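Each remark here refers to the structure printed beneath this line.
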Amino acid sequence: MLLNLPPELIQLVLHHSTTSAFLQAAFSCRTIYTIASNCREVLLHHLGQIPGPNQGLLSLASKQLFQVLQRRASQQLYNAQFSANCTNFNFGTSILDVKASSLAPSDHLSLALVVRGQENVWLFRAENCRLQLKARLKPHRPQPGVVEVLRTAFDADDGLYVLQRFTPAVKEDSPDSEHPFVRQALQSCVRGQIYLVRYCLRSRHDPVRICTFPDHAEYEPRALAAAHRDTFAISWQDSREIDEYEVVLYNAQSASSSHGPSTAVEISYDSCVLIDGARQSSDNDMDVNTGLTRRHFTSERGPIIDLTFNDRSSQLLYYYRAQTLYGSFQRINMTSFPVQPTLHENSSLVQYSGSLRLLFSIAIPFYGTHATRAEEHGLSRCQWKYLAFGIATHRTEDWTVACLLKSEAVCSSRNCGHILNLERGRRFPDWTVVARLWGFQDSTNSLGCIVAASKRGTRIAIANWNVLYIWALQPDALIEQNANGFYPSSLQSSSSDMIELRPVVLPLDAVCFKLRFMDAEDELLAITDRGLMHWDLGPLGRGRRMAQQLAI
């Protein structure tokens, strides 16, 4: 129908279309492509609507303008909901254990996958849109029995911690089963014995390290975090009294005995309780840093369902049920073990707009800058700026916003290490809203939203149950509050200085539990209840949906 119009009217329609619709129409047929790619006025109009620098555009020919528009549209993920490729890696009839599987930190491309009903841990490396099997980690049994993998976690020393449950196998009609000591042992291990194994991924010749937790025989592990070779933390919950839970920090000590010819060594450890849910539920103290009553981070939130070491293992971040970001944290000084840290709330009061101030939960920054400037009398100062994701809910009206916030600090260059450490950026108390992420919807399920940012900060993704939202960013422009005019006025809020960004929405057809970007800004992995998904948002995508069975 559009082709029945004269070229002048087609140009008018293209001028008043959105940039996404303009590009879709341009590639729908040769005639419209010729009109769209040669109409200079229309091209300049759409270039003014899409983020990017506008200097030097007037000197370009129409064909060059069209190429610039295509390149910018690709950077901003225009129409990626139609062009993104997705490969779903599965295990055939077997089901991926989403809680036991884990993704390595962003500096690595490794992932540990666990299949329900199997005792092995499969170590893969993700690269070039493929999964390469690197190793099969077998369990170490103290005797015949059944092993169930509960949690896995990578550490900073190229190691993998595997938390397992071992249930001994003794036949009921066996003569040994009638022995009173054997019977007592079996009764005490009805639910199995929890033990932890650490595999060294750097060298296959290093023995695995094993430890058990006899003082938590009646507890279930809810979360595992690994700092390095000797330090880890576990969130425990009593299997019968759900209001009794703990977070325990462990520091491995000497190795005592071995199982077999140097294949495994038992280790002892020192431990200290960081969070005691039963004790805190009766504690009416207040956190002096925030003025929030203790009820905000005790038994009303329940046990810790996930935890992460941060800032070179000097902090522990705690995640609670149905929350998107970590709800509280503790600073840990390992030089004075056992540690007795204070529990702090993850909250900052931030000016949102006009006279409205909101209490934001702010994630660890995903982007930062450092600059050194010379001043008078030969002195120089360093300026640090950080960009982070945060969410806030209005206390009375109960609406939620997701924003990007920045914080900055200045110090003497003589006292500056000049090395950017994003994990330290959250320590600053003052934050400024620089952008709002439109389209964000707060989670209404117990899982919460899953957040991931790309390595260079040009993408931020949020999985909400079975939907994936991805925003394209220009972090340098946002951290400087659009001082260079990278974002057009059409994306500027009418009531404040913040930029308003809108996402690409990708239906997953599966529930997402874990998410991270790969080294490429347009590639990310998602652990879902229907397998491992690899998404490619690059400009060469054709919207393919592929399935690949992993041979294990």
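The residues of segment 357-384 that are loosely packed, with under 12 Cβ neighbours inside 10 Å and among the hydrophobic types (A, V, I, L, M, F, W, C), listed by number, are A371, A374, L379.
Checking the stated criteria, G52 turns out to be surrounded by 19 or more Cβ atoms within 10 Å (Cβ to Cβ), on the phi > 0 side of the Ramachandran plot and not assigned by the TED database to the domain that holds R502. Of all residues in segment 492-515, exactly one satisfies the criterion of being crowded, with 22+ Cβ neighbours inside 10 Å, assigned to a strand (DSSP E or B) and out of contact with any helix residue (DSSP H, G or I) (no Cβ under 9 Å at 6 or more places or on another chain), namely C512. Assessment of segment 411-433 against the conditions (at pLDDT 95 or above and touching a helix residue (DSSP H, G or I) at 6+ places or on another chain (Cβ under 8 Å)) yields no matching residue. Restricted to segment 285-322, and to residues there that are within 25 Å of N445 (Cβ to Cβ) and among the basic types (K, R), the residue that is modelled with the lowest pLDDT is R295.
The listed residues are A112, A153, A100, and the only one of them that is in contact with a Leu (Cβ under 9 Å, 6 or more places away or on another chain), outside any strand (DSSP E or B) and crowded, with 19+ Cβ neighbours inside 10 Å turns out to be A100.
For segment 440-487, filtering for residues that are farther than 22 Å from T393 by Cβ and of a type in the set (F, W, Y) leaves 2. Within segment 370-407, if we keep just the residues that are among the acidic types (D, E) and in the same structural domain as V451 (by the TED database), the residue that is nearest to the chain's Cα centre (by Cα) turns out to be D398. For segment 316-350, taking the residues that are of a type outside the set (A, V, I, L, M, F, W, C) and in a strand (DSSP E or B), the one that is surrounded by the fewest Cβ atoms within 10 Å (Cβ to Cβ) is identified as R331. Among the residues of segment 160-219, write down those that are among the small types (G, A, S) and modelled with pLDDT of 60 or more. If the condition is that a residue be among the small types (G, A, S) and modelled with pLDDT of 60 or more, then A169, S174, G192, S203, A217 are the ones that fit. Of the candidates L387, L405, L468, the single residue that is under 21 Å from T372 (Cα atoms) and of a type in the set (A, V, I, L, M) is L387. Is it fair to say F82 is within 30 Å of Q548 (Cα to Cα) and assigned to a helix (DSSP H, G or I)? Judged against the criteria, F82 is a match.
Can you say whether L69 is modelled with pLDDT of 95 or more, at negative phi, part of a helix (DSSP H, G or I) and surrounded by 16 or more Cβ atoms within 10 Å (Cβ to Cβ), as far as the supplied structure shows? The answer is yes for L69. Look at segment 391-427 and say how many of its residues are surrounded by fewer than 22 Cβ atoms within 10 Å (Cβ to Cβ) and in a strand (DSSP E or B). Within segment 391-427, residues that are surrounded by fewer than 22 Cβ atoms within 10 Å (Cβ to Cβ) and in a strand (DSSP E or B) number 8.
The values are calculated or read from the model by the stated rules, or taken from the named source; none is laboratory data. The shown structure was predicted, so the numbers you read here are calculated from the model rather than taken from an experiment. We place every Cβ from the backbone using ideal geometry, glycine too, and count neighbours over all the protein chains shown.
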